[in-house]
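To keep things clear, I will list the structure first and then write my remarks on it.
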Amino acid sequence: MGDNMSILSVRGRGSFDFEVGKNLLSILKKNGIMIENPCAGKGYCGKCKVQILEGLNDDNLQEHRKFLSEEEIKKGIRLSCLYVPKNDISIELIDNEEKVKILDKGYLPDFKIDPLVKKECKKLSYDSLATSSDIEAILKSEKRALPIDIIRKLSDLEEGDIYTLVKYDKEIICIEDGDTTGSLYGFAVDIGTTTIVASLIDLNTGVELDNASSINPQKNYGLDVLSRINYACKEENGTYELSKSVIDCLNGLFEELCINNNISTENIYDITIAANTTMLHLLLGVNPKSLGVNPYRPIFKEGRTYLSEDLDLKISNKTRVYCLPSVSAFIGADITAGAIVSKLNTTKERVLFIDIGTNGEMILSDNGKMIACSCAAGPALEGMNITCGVRAGVGAIEGITIENDSVSIEVIGDKYPNGICGSGILEAISELNRRNLVNKSGRIKKKEDLEDDFLKSIIIEDGKKRSVVLVDDIIITQNDIRQVQLAKGAILSGIISLSNHLNLTAKDIDKVIIAGQFGAHLKVESLVGIGMLPKEFEDKVNYIGNSSKSGAVLCLLDKSKREEVKDVLDNCGYLELSLLDNYEGLFAKCLSFDINKLL
Ligand code: FES
């Protein structure tokens, strides 16, 4: 071994040579060991902890101290992205996987069951042979050669044999022995930045038989899409690694669904996938670099059908995979899927569709005339960048009421609270606003400016810094409120810009649809309470859950929906907020808790 090489031993995972000079996180990744690293190794998320058992050699302890307690430091816990081993080292991985609630359900409008893939059972006779000749004639006229395996299969059949033709969009994709018409299945998939959900669907009955979900394994390369785009661009084989991680995850989910439901992968004929534009690029192994730089252009937007083997999916090689279209770099197929679920393209009303997350994506439809925009809401609404913020898992505070001289909390899983998740933060700040603990600009009031003794008692003053105690050591700081104001300012200014574009006011909008994993947990009272939504929307809000997956289900079961989603792509305009006159002024006004007369 060269002078510059040392050995890393990972308890339970084996030993690996490494070149001295690289950080521990990159050495682990290179050897296929993935640990959580939401900031993609930039040293500001504090999540990539490992325990160093032997060979500890500190020289930048101060950097680690920003994220680690003294107790952790003493135990040898360090952030792997900041730790550069200089000699042989032995470590143990820390199980820091979060248990996040994954939303797998969504509203489905009425539709007809008319999938693109169909089966026809036949008996080989003179007539059916004539039919097969007809099919050959059709394929010839369409300049498609009948695949040789199908011709071979036909040649093996005897007079009187029962067989089943499987057709995809009228094209024969295989011939099966006997009557297999009862076994016709597909998967509808939503690939979110954080989570992946797959549903197993019976294409004969339209019934969703089962679903399976997983945290998106790409989060090991960065929590948000930009971190992943950076990884894909900067690391050798970065795009391939990200693509492989999501394909491996899909293969696992598909296998789980087939085994649990006693269905052969050979009977999966069609898969539909909705995802944001970056996730789709990475799924297909397409370098997403153009999505990360101005003018933020996708390499492709159209919906396309692929063969499963093109994507390295371990499923029947006759399975087709249809990816829904995206409108732009920021309005992806997850949103076009939501648009058809919400019937934005055919509505006779004025409907606002919002998917609230790290990015807020929205489409306003005025009787089918659609305009979309996207705004950077930031991670605060998902519990990130918040002093006591956690993701929405067991132990997270998700509801808060300040009433009758007490702060009441609702905790996910009814456990002792370990932090506050996005919906909890929104509700807390809405309550602070309702109880006049903050002024309209969002500043926490001084104790001396309050009359109520209980409200005074929950304010902590530390010089000019003020915060509010919710329970024990879980607090809301001034900075937390600012983070939420930035998020709500981004979303409200998006709503106002779209409305202005179509010459509408809040009163003119008939329906507001909130979609998505995160939006499903936000209460209307909180959204209106912090001024993210205007008061006029209070009775107009509908939640439709995971509309990305629902859109994929629609496209799987009703082939006409693939035309509709194309219609959304062709007819939905995109408004770039940063290019609007005086957008910054509007955004600044939207930060206030007093938003009367803005829309
Ligand atoms: S601090 Fe190491 S990955 Fe974020």
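List of remarks:
- Against the list (1) within 14 Å of the ligand (Cβ to nearest atom); (2) out of contact with any strand residue (DSSP E or B) (no Cβ under 8 Å at 6 or more places or on another chain); (3) modelled with pLDDT under 80, the condition G46 fails is (2).
- For V84, the stated conditions do not hold, so it cannot be described as away from the ligand (no atom under 13 Å from the Cβ), at pLDDT 85 or above, surrounded by fewer than 20 Cβ atoms within 10 Å (Cβ to Cβ) and β-branched (V, I, T).
- Candidate set: region 10-28, residues that are in contact (Cβ under 8 Å) with a residue 60 or more places away in the chain, under 20 Å from E235 (Cβ atoms) and surrounded by 16 or more Cβ atoms within 10 Å (Cβ to Cβ); chosen: the one farthest from the ligand (Cβ to nearest atom): F18
- Residue in region 90-99 that is within 16 Å of the ligand (Cβ to nearest atom), of a type in the set (S, T, N, Q), modelled with pLDDT of 85 or more and in contact with a strand residue (DSSP E or B) (Cβ under 9 Å, 6 or more places away or on another chain) present: no
- Any chance S199 is within 19 Å of A333 (Cβ to Cβ), at pLDDT 90 or above and not in a strand (DSSP E or B): no
- When the residues of region 412-423 are filtered to those that are in contact (Cβ under 8 Å) with a residue 40 or more places away in the chain and small (G, A, S), the one that is nearest to T401 (Cα to Cα) is S423.
- Selection status of A372, buried (at least 19 other Cβ atoms within 10 Å of the Cβ), in contact (Cβ under 8 Å) with a residue 60 or more places away in the chain, within 16 Å of I481 (Cα to Cα) and touching an Asp or Glu at 6+ places or on another chain (Cβ under 8 Å): no
- Residue within region 308-318 that is in contact (Cβ under 8 Å) with a residue 12 or more places away in the chain, among the hydroxyl-bearing types (S, T, Y), surrounded by fewer than 24 Cβ atoms within 10 Å (Cβ to Cβ) and touching an Asp or Glu at 6+ places or on another chain (Cβ under 7 Å) present: yes
- Count of residues meeting criterion [surrounded by fewer than 22 Cβ atoms within 10 Å (Cβ to Cβ) and modelled with pLDDT of 90 or more] in region 221-233: 2
The values are calculated or read from the model by the stated rules, or taken from the named source; none is laboratory data. The shown structure was predicted, so the numbers you read here are calculated from the model rather than taken from an experiment. With ideal geometry, Cβ positions are generated from the backbone for all residues, glycine too; neighbour counts draw on all protein chains shown.
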